[in-house]
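Trainee: For reference, the structure I am asking about is given below.
Rule-based calculations on the coordinates, nothing more; no lab input. From a predicted model like this one, the values you see are computed outputs, not experimental measurements. Counting neighbours? That spans all protein chains shown, and the Cβs are built from the backbone with ideal geometry, glycine included.
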Amino acid sequence: MTVLEITRILEELAPLHYAEDFDNTGILVGNPEAEVSGVLVTLDTLETVVEEAIAHNCNLVVSFHPIIFGGLKKLTGSSYVERTVIKAVQNQIAIYSMHTALDNSPKGVNAKICEILGIQNPKILIPKKGTLKKLTTYVPKSDAEKVRKGLFAAGAGNIGKYSDCSFNTDGTGSYKANDGANPAKGQIGQFHYEEETQINVVFSAMNEPRIKTALLKHHPYEEVAYEIYTLDNTDPTIGMGMVGHLKSPMEEMQFLELIKKKMKASCVRHSELLGKRIQKVAVLGGSGAFAISAAKASGAHVFITSDVKYHQFYEAENKMVIADIGHYETEQFTKNLLVDYLTKKIPNFAIRLSESKTNPIKYL
């Protein structure tokens, strides 16, 4: 298999369209067409990880965090980033990063945290904006069914647990075909009225190229009239963080101790305890302080995340407990998730879990 073929399998789990605008995801280093000898999965790509890949004959490193985040103006080996990239290039090792694409995936980072902590029926905490679009087009009534079926087959018209959804309005279209045109209906130089159906369908933004291709393929007109809008509506299955319930309520300290044990945290920094039993829990792997308000609004009793600053603990406002367990600690099981996923998808391929310890923070 090639690098590109394997990364396309990863993008079934976490499409790059899910990634945040500030992020740097996808193939960061290497030739997409290179044949892969083995895959090494890691949380961070460092020099030691590249050396591990070399030792195990893995020429594709699948990393959660991107080693290249900002622009690189030089490659002189003066920083850990430059040295890592140089070593990867010299040894023809490709590097692929998933980061916020996997953060926003319903089966990604936060789903794994919920699985480990036994949080049931988790829902997305902050749905991602800009994930839904709407297509409006105008088709001769006799061709409307064919166009609808083509759009549905390309992925349009899926709303929650329903598929093949559309709204249709009949009306009259008009046009005049000028010299050089090849009209499907009407004559050159003559004003023409056509009984048409306006078709409206909603689709996932990542499917826009497929939807356009299907529209142009199945529409009978030489020039297809259509509009595509980005909707303010959100897909509730895509976004940052998750919130769900414990099977049974727990005392606050008992639950914090459970978090520390299950998430292998060296310590748990938390806001003031409220003397309430815990059942509804919100989680957001990585730096999640921006979601404190959303967690409060969800009615969560505890919000588990990392990188919370001093004054941000006050934002709990005695409505919930904020538990900061560490950045690495919230995301460490992500690589296990990816190894399990790839092993199931390509069981006869060499998929290795990196043994390199990449947590930059040590505790006394």
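Trainee: Antiparallel DSSP bridges in region 103-258: what percent, to the nearest 5?
Mentor: Rounded to the nearest five, the antiparallel share is 95 percent.
Trainee: Related question: Estimate the FRET efficiency between Ala350 and Val89 by the formula 1/(1 + (r/R0)^6), using the beta-carbon distance for r and 25 Å for R0, to the nearest 0.05. Write out the running numbers ahead of the final one.
Mentor: Details: r = 22 Å, r/R0 = 0.87.
Step by step, r from the Cβ atoms, then E = 0.70.
Trainee: Related question: Kindly list the residues of region 195-233 that lie in the label zone of Asn178, defined by a backbone N under 20 Å from the point 7 Å along the Cα-to-C-beta vector.
Mentor: Backbone N within reach: 221-226.
Trainee: Relative to the longest principal axis of the chain, what angle (0 to 90°, nearest 10) does the C-alpha long axis of helix 3-13 take?
Mentor: For 3-13 against the chain, the angle is about 90 degrees.
Trainee: Which of the GluC sites (Glu not before Pro) found in region 129-225 are in a DSSP loop and have at most 14 neighbouring Cβ atoms, other than their own, within 10 Å?
Mentor: Within region 129-225, the qualifying GluC sites (Glu not before Pro) (loop, at most 14 other Cβ atoms within 10 Å) are Glu222, Glu223.
Trainee: Further question: Pull up the cross-link candidates among the aspartates and glutamates for Lys247, meaning alpha carbon to alpha carbon under 18 Å and not fewer than 8 places away within one chain.
Mentor: Glu115, Glu257
Trainee: Farthest toward the dipole's positive end in the chain, which of Gly288, Ile325, Gly150, given Cβ charges of +1 (Lys, Arg) and -1 (Asp, Glu) about the Cα centre?
Mentor: Looking along the dipole axis, the top candidate is Ile325.
Trainee: So what is the relative contact order of region 145-205, in percent, for Cα pairs below 8 Å that sit 6 or more residues apart?
Mentor: Values: 86 pairs, mean separation 22.8, N = 61.
Reported relative contact order: 37 percent.
Trainee: Which trypsin sites (Lys or Arg not before Pro) in region 69-149 pass both tests, a DSSP loop state and at most 10 other beta-carbon atoms within 10 Å?
Mentor: Numbers: sites: Lys73, Lys74, Arg83, Lys87, Lys107, Lys112, Lys123, Lys128, Lys129, Lys133, Lys134, Lys141, Lys146, Arg148, Lys149; in loops: Lys73, Lys74, Lys107, Lys128, Lys129.
Loop-located and lightly packed - Lys73, Lys74.
Trainee: Let me check against my output: what whole-number percent is the relative contact order of the chain, with C-alpha pairs under 8 Å and at least 6 apart?
Mentor: Working: 758 pairs, mean separation 69.5, N = 364.
It comes to 19 percent, rounded to a whole number.
Trainee: Follow-up question, since we're still on this one. For region 178-269, what is the charge dipole size about the Cα centre, in debye to the nearest 20, if Lys and Arg each add +1 at the Cβ and Asp and Glu each add -1 at the Cβ?
Mentor: Working: 10 positive and 13 negative charges, 226 e Å.
Once rounded to the nearest 20, the dipole reads 1080 debye.
Trainee: Also, I was wondering about something else. Return the label of the correct value of volume of the Cα convex hull per residue in Å³, as calculated from the structure shown, out of [x] 191; [y] 144; [z] 177.
Mentor: Correct label, based on the coordinates given: [x].
Trainee: Treating the angle as unsigned and between 0 and 90°, give the value, to the nearest 10°, between the Cα long axis of helix 144-153 and the longest Cα principal axis of the chain.
Mentor: The helix 144-153 is inclined about 20 degrees to the chain.
Trainee: Given a Förster distance of 25 angstrom, what is the FRET efficiency for Asn200 paired with Glu222, based on the Cβ-Cβ distance and rounded to 0.05? Could you put the intermediate results ahead of the total?
Mentor: Values: r = 22 Å, r/R0 = 0.90.
It comes to 0.65.
Trainee: If we count every other residue with Cβ under 14 angstrom of Lys345's Cβ, Lys/Arg +1 and Asp/Glu -1, where does the sum land? It would help to have the intermediate numbers written out before the result.
Mentor: Working: positive: Arg8, Lys107, Lys344; negative: Glu5, Glu11, Glu12, Asp340.
Summing Lys and Arg as +1 and Asp and Glu as -1 gives -1.
Trainee: Here is the link list: Lys74/Lys133; Lys141/Lys212; Lys74/Lys309; Lys280/Lys309; Lys73/Lys344. Which ones come out longer than 31 Å on Cα distance? Don't skip to the answer; put the middle values down first.
Mentor: Details: Lys74/Lys133 39 Å; Lys141/Lys212 20 Å; Lys74/Lys309 33 Å; Lys280/Lys309 23 Å; Lys73/Lys344 39 Å.
Violating the 31 Å limit, Cα to Cα: Lys74/Lys133; Lys74/Lys309; Lys73/Lys344.
Trainee: Counting DSSP beta bridges with both partners in the chain, what percentage is antiparallel, nearest 5? It would help to have the intermediate numbers written out before the result.
Mentor: Details: 42 of 62 bridges.
Roughly 70 percent of the beta bridges in the chain run antiparallel, per DSSP.
Trainee: Right, another one. What's the longest piece of the chain with no exposed chymotrypsin sites (Phe, Trp or Tyr not before Pro), counting a site as exposed if DSSP puts it in a loop and it has at most 12 other beta carbons within 10 Å?
Mentor: The segment 23-362 is the longest one with no such site.
Trainee: Test of understanding: what is the full-extension gain from Thr213 to Tyr314, defined as 0.36 nm times their sequence separation minus their Cα-Cα distance?
Mentor: 31.2 nm
Trainee: Here is a further query. So what's the net charge close to Leu40: Lys and Arg +1, Asp and Glu -1, counting the other residues with Cβ under 9 Å from its Cβ?
Mentor: Working: positive: Arg352; negative: Glu52.
Within the 9 Å Cβ shell, the charges total 0.
Trainee: Given Cβ point charges of +1 (Lys, Arg) and -1 (Asp, Glu) and nothing else, what value in debye, to the nearest 20, does the dipole of region 205-364 about its Cα centre take? Walk me through the intermediate numbers first.
Mentor: On the way: 21 positive and 18 negative charges, 169 e Å.
For this selection, approximately 800 debye.
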